[in-house]
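Data first, discussion second: the structure below is written as structure tokens.
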Amino acid sequence: SNEEQDNLSQDMKDLIFSLPREKGWRTPYLYLFQGFWCQPAEIQAISTFQNHFQAKDSDVFVATVPKSGTTWLKALTFATVNRQHHFISSKNHPLLSFNPHDLVPFIEYTVYGNHENLPNFSNFHEPRLFGTHVPFDSLSNSIKDSSNCKIVYICRNPFDTFISSWVFCNKIKQDSLPTLGLDEAFEMFCNGKIGYGPFWNHMLGYWKESQERPKRVLFLKYEDLKDDVNFELKKLAKFLNCPFTLEEESEGVIENIIKLCSFEKMKEFEINKIGKFGRNFENKYLFRKGEIGDWTNYLSPSMVENLSKVIEEKLSECGLKF
Ligand code: A3P
């Protein structure tokens, strides 16, 4: 489509036309770029990022599989890292007036979304917080090799990620596209054909790195956060070199962060009810149910069996379980 290619450089158009493509979820096509599926504008942004980004040792990346708890983990990370400047119980806390995706900008949308206008990092203060869905192997070399920056990663059981993605993509898809049916979407998902997928490669890339370099990558799961967010948040703070002190703990700082970032609270903030993320979608679509197991309301027994097989086949050897 012309609309998809409007803002691309000629080099990019040439590259993209040479890539394998498949039907997309919310845009006409997904292209296979560096081993994962993504949209033309994302390919342009990721290339710009790979060519230009210089990591700092103090940088923090919130890396995620789409629809796995990105918004939540960004909120928790922002609140925790900045708790000295932005007191959690302040009436002016940034999370009350900005969506987490504005506070922790995506590398491949917000930061490098315009290849003709490279980001100016002078108004970022340290530690800089960034979000990304880019698979580990495709992060810029300065992140992977030459710096001590930190990566916190979250994924989620693929059944819930699938339903969350399917509902979300149908809400934000281009108007000209027909609704994507559940069965068709499921087939695509199981074949790895979804933005930043296959999901198993995404998980495995960060999983391996978290095993080999546990000081660099913290691997989290949505279900673990739902189960014991207090424990996971302490782990996160420690990993980011800003552990909670006993004093903070007894003053209730941890509990206050958890409350501020809870689904119930965040969903009700004005900015999340009426705000928009760029021109792309309404913030309210980021807060749907926030539960474990909603897939049981959608998937047939044979679908469950099929996806279970995919998970077993692709992820069991490394010990990743959902
Ligand atoms: P559901 O669609 O299952 O409700 P992402 O932030 O990566 O886009 O993931 C979106 C999913 O996280 C959605 O799941 C959404 O409801 C849930 N979510 C958003 N904010 C949350 C929060 N503060 N706590 C728990 N879950 C949250």
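Coordinate-derived values only; no laboratory data. Remember, predicted model here, so these are calculated numbers, not experimental data. Glycine also receives a Cβ, built like all others from the backbone with ideal geometry; neighbour counts cover every protein chain displayed.
Between Trp37, Phe121, His85, the Cα set farthest toward the positive side of the dipole of region 1-122 (charges on each charged residue's Cβ, about the Cα centre) is that of His85.
In terms of its C-alpha gyration tensor, the chain comes out rounded, because the ratio a/c of the largest to the smallest axis stays below 1.5. One Cα centroid belongs to region 35-79, the other to region 244-271; the line between them spans 24 Å. Averaging the sequence gap over all C-alpha pairs within less than 8 Å and six or more residues apart, then dividing by the number of residues, gives region 1-152 a relative contact order of 32 percent. Counting only residues at least eight positions apart within a chain, or on another chain, the aspartates and glutamates with an alpha carbon under 13 Å from that of Lys215 are Asp57. Cross-link partners for Lys91 among the lysines, with Cα-Cα distance under 20 Å and sequence neighbours closer than 8 places in the same chain left out: Lys74, Lys259, Lys265, Lys267, Lys273. In summary, the aspartates and glutamates within cross-link reach of Lys221, defined as a Cα separation below 16 angstrom excluding same-chain residues under 8 places away, comprise Asp160, Glu209, Glu232, Glu291.
Rounded to 0.05, the FRET efficiency of the Ser176 and Leu118 pair, given R0 = 35 Å and the Cβ-Cβ distance, is 0.65.
In this Cβ point-charge picture (+1 for Lys and Arg, -1 for Asp and Glu), region 1-80 has a dipole of about 320 debye about its Cα centre. Placing a label point 7 Å from the Cα of Ile274 along the Cα-to-Cβ direction, the residues of region 82-115 whose backbone N falls under 17 Å from that point are 96-99.
Relative contact order, whole percent, for the chain stands at 23, derived from Cα pairs under 8 Å and 6 or more residues apart. A simple charge model with +1 on the Cβ of Lys and Arg, -1 on the Cβ of Asp and Glu and nothing else charged puts the dipole of the chain at about 340 debye relative to its Cα centre. With the charge dipole of region 225-321 set up from +1 on Lys and Arg Cβ and -1 on Asp and Glu Cβ about the Cα centre, the Cα lying farthest toward the positive end among the listed residues Ser300, Pro243, Leu260 is that of Ser300.
Over the chain, DSSP H runs of length four or greater, each weighted -39,500 (n - 2.57), average out per residue to a 222 nm ellipticity of -12500 deg cm²/dmol.
Stretching Asp57 away from Glu282 to a fully extended chain increases their span by 77.6 nm, per 0.36 nm per residue minus the current alpha-carbon distance. If you model region 194-322 as an ellipsoid using its alpha carbon gyration tensor, with each semi-axis the square root of five times an eigenvalue, the axes come out at 29, 24, 15 Å, biggest first. Placing unit charges on each Cβ (+1 for Lys and Arg, -1 for Asp and Glu) gives the chain a dipole about its Cα centre, and among Cys318, Gly131, Ile271 the Cα reaching farthest toward its positive end belongs to Ile271.
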